[in-house]
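Worksheet for the structure shown next.
The values are calculated or read from the model by the stated rules, or taken from the named source; none is laboratory data. Remember, it's a predicted structure, so these values are computed and weren't measured experimentally. Neighbour counts run over all protein chains shown; Cβ positions are idealised from the backbone, glycine included.
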Amino acid sequence: MAYILLIDDDPALIPKQVRQAFPAPAYRVEVAGTGSEGLRLVRVAPPDAILLDIRLPDQSGLDLYQAIRGIDGRIPVIFVTLARAADVAIEAMRQGAYDYLFKPLDLQELRRVVDESMEEGRRMRGPASVAETLPDPDFAGAIVGSCPSMREVYKAIGRVSDKKVPVLITGESGTGKELVARAIYQHGRRARAPYRALNCAAIPESLLESELFGHERGAFTGADRKRIGKFEQCNGGTLFLDEIGDMMPALQAKMLRLLQEQEFERVGGNEVVRTDVRLIAATHRDLRTWAAEGKFRPDLYYRLSVVTIHLPPLRERGDDLSLLVQLFLRRYNLELGRDVREVAPEAMDRLRDYPWPGNVRELQSVLQRALLKATGTVLVPDYLPDELFAEARPSVAGDSAIGYRPGSTLADLERAAIQQCLIQSGGSRQRTAELLGISTRTLLRKIREYKLDDPLRPDPRTTE
C-alpha cells in the first residue's frame with residue numbers, strides 16, 4: 001500500500017480529489033491541515049510521496065519543505081499551487097522538490113506525477129546491496145550472485161561509492177545496471193541526498209534536453225511555464241542516466257560541458273546555472289566502438305568512463321542461475337500466493353540451456369508466469385513458457401514479458417498483459433509496473449499508447 005500525505009488547508013475539494021485519484025486499498029491518503037501537523041506525520045512515518053500546498057495557515061510551504069528535507073531528503077515532494085504562486089514552487093524545485101501542479105487539479109496529471117515520484121522515491125529509499133547468498137525474499141534491492149565476475153562488480157562498487165568521479169555501467173539489457181547504480185548511491189556520501197533516474201531511450205529526443213537541463217517559459221511551442229531539469233533539481237545528489245548511448249550528438253556536447261564545468265543553461269535561457277551532481281551512466285552499447293565509429297563523442301566517452309563497471313550476462317554467470325531461481329521463487333510465492341518449493345531437474349535443465357537474451361529481467365518474468373500456472377509444490381517443465389522450448393527465438397529487448405500465442409500480435413499480447421495486471425493490482429500503477437518488471441514511467445506511456453484510461457474496465461478485445 002502506497003502512503004500519500006496531503007498537506008493542505010482546503011477541508012473539502014483537494015482531499016476529495018486526491019482520494020478519488022488514489023483510492024483504497026491500493027493507496028492510503030492522510031491529510032494534514034497545517035504545516036506543523038504535516039511535519040508531525042512525516043516524523044511518525046515517512047510517506048511515499050507528499051503533496052504540499054504553497055500557502056498554509058501557520059507557515060509557508062517552502063519553509064515546511066526545508067523542514068521535511070531536513071528529516072529525509074529522499075521523500076518526493078510535489079507542490080500544489082495557484083498560478084500566481086508558481087515562482088515559489090519553481091524555487092522549491094531548484095532546492096530539490098519533485099514537481100509542482102496547479103489548482104484545480106487535473107486528476108490524470110496528478111496520478112502520473114505522483115506515480116512517477118513514488119518510483120523515484122523507491123529508488124532512493126529502497127535498499128540496494130550485494131548478496132552472495134540468498135537474502136530475505138522481500139528484499140527486492142539485492143544484487144545476488146557469487147560467480148567471479150559478480151565478485152569483481154562488488155569490489156568495484158566498494159571502491160567507487162565514496163568518490164565523486166563519474167561511473168559508467170555497461171552490460172546487456174536486463175542485467176541489473178540500475179541496481180548497481182543504486183548500490184553506488186546508497187553506499188556513498190550522498191546517500192540521504194536526492195537521487196534521480198532517467199532513461200535516455202524512453203524520452204523523445206525533442207524533450208530529453210528539457211528533462212535534463214530544464215527550459216524557460218516560451219522556449220518552444222508548449223513551454224507554457226518554466227521547468228527545472230534533473231541536473232538542477234538533483235543539485236547535491238546523484239543522477240543516473242540509463243541508456244546514455246542513445247543520446248543525440250547535439251545533447252552530448254552539452255553533457256560534456258556540464259561534466260567539465262558543472263554548469264549549463266536551460267533551454268531558451270542565457271542564465272548560467274551551476275550544479276553539483278554525481279553522475280552515474282549506463283548503456284548496453286559498446287561505447288568505445290561507437291566512439292571510434294563516430295556514433296558517440298569520444299571526449300564524452302572518456303569523461304564518462306573514468307570508472308567502468310561491466311555486468312556479465314546471465315548465461316555467463318554459471319551457478320548464479322540456481323541462486324537467482326531460488327530467490328525469485330521465494331519472492332513470487334509470497335506475491336502470487338503459491339507454494340512452489342523446488343524445481344524439477346528437467347525444468348532446471350531447461351532453464352540452464354536457455355540463452356536468456358533478456359537476462360535477469362527475463363528470468364523474473366518467466367518465473368512469474370510459471371508460478372501463475374503452477375498448482376503444486378514442484379515447478380515442472382509444463383509450467384515454463386513455450387519460448388524456452390523453441391529452437392529459435394528472436395532476442396528483441398523488452399519482449400520477454402510477453403508470451404506468444406497464435407493469432408495474436410505483439411501489441412495485443414502486451415495490452416492484454418497490462419490490462420490483466422492493472423486489474424490484479426486494483427488499478428495501482430506502481431504495483432502493476434512491479435508485476436510486469438518495467439518502470440512506472442514505461443507503464444504510463446504504454447497506458448496512454450493503448451488508451452487504457454479506465455484500468456478496472458476489462459479490455460473487450462480480451463473477452464470476446
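The residue list V88, V44 contains one member that is modelled with pLDDT of 90 or more and over 23 Å from the mean Cα position of the chain (by Cα), which is V44. Restricting R192, R196 to residues that are over 24 Å from L329 (Cβ atoms) and in a loop (DSSP other than H, G, I, E, B) narrows the list to R192.
Working only within the range 72-114, note down all residues that are among the basic types (K, R) and within 19 Å of L239 (Cβ to Cβ). First the steps, then the outcome.
First, the residues of the range 72-114 that are among the basic types (K, R): 74, 84, 94, 103, 111-112.
R74, R94, listed by residue number.
Taken over the range 278-295, the criterion of being among the aliphatic types (A, V, I, L, M) and more than 26 Å from T238 (Cα to Cα) is satisfied by A292 alone. Scanning the range 9-24 for residues that are closer than 20 Å to G61 by Cα and touching a Lys or Arg at 6+ places or on another chain (Cβ under 9 Å) yields a total of 4.
Looking only at the range 159-176, residues that are under 23 Å from the mean Cα position of the chain (by Cα) and not in a loop (DSSP other than H, G, I, E, B) come to 5 in all.
The residues of the range 214-237 that are on the phi < 0 side of the Ramachandran plot and in contact (Cβ under 8 Å) with a residue 60 or more places away in the chain, listed by number, are R225, K226, I228, E232, Q233, C234, N235, G237.
Kindly indicate which of L41, L6 is assigned to a helix (DSSP H, G or I), buried (at least 16 other Cβ atoms within 10 Å of the Cβ) and in contact with a strand residue (DSSP E or B) (Cβ under 6 Å, 6 or more places away or on another chain). So the residue among L41, L6 that is assigned to a helix (DSSP H, G or I), buried (at least 16 other Cβ atoms within 10 Å of the Cβ) and in contact with a strand residue (DSSP E or B) (Cβ under 6 Å, 6 or more places away or on another chain) is L41.
Count of the range 195-227 residues, restricted to those that are acidic (D, E) and in contact with a strand residue (DSSP E or B) (Cβ under 8 Å, 6 or more places away or on another chain), is 3.
For the range 423-445, a residue qualifies if it is under 15 Å from Q108 (Cβ atoms) and either at pLDDT 75 or above or touching a His at 6+ places or on another chain (Cβ under 9 Å) (or both), and the qualifying residues are R429, L443, L444, R445. Check the range 350-358 and report whether any residue there is outside any helix (DSSP H, G or I), of a type in the set (A, V, I, L, M), without any contact (Cβ under 8 Å) to a residue 60 or more places away in the chain and surrounded by 16 or more Cβ atoms within 10 Å (Cβ to Cβ). Within the range 350-358, none of the residues are outside any helix (DSSP H, G or I), of a type in the set (A, V, I, L, M), without any contact (Cβ under 8 Å) to a residue 60 or more places away in the chain and surrounded by 16 or more Cβ atoms within 10 Å (Cβ to Cβ).
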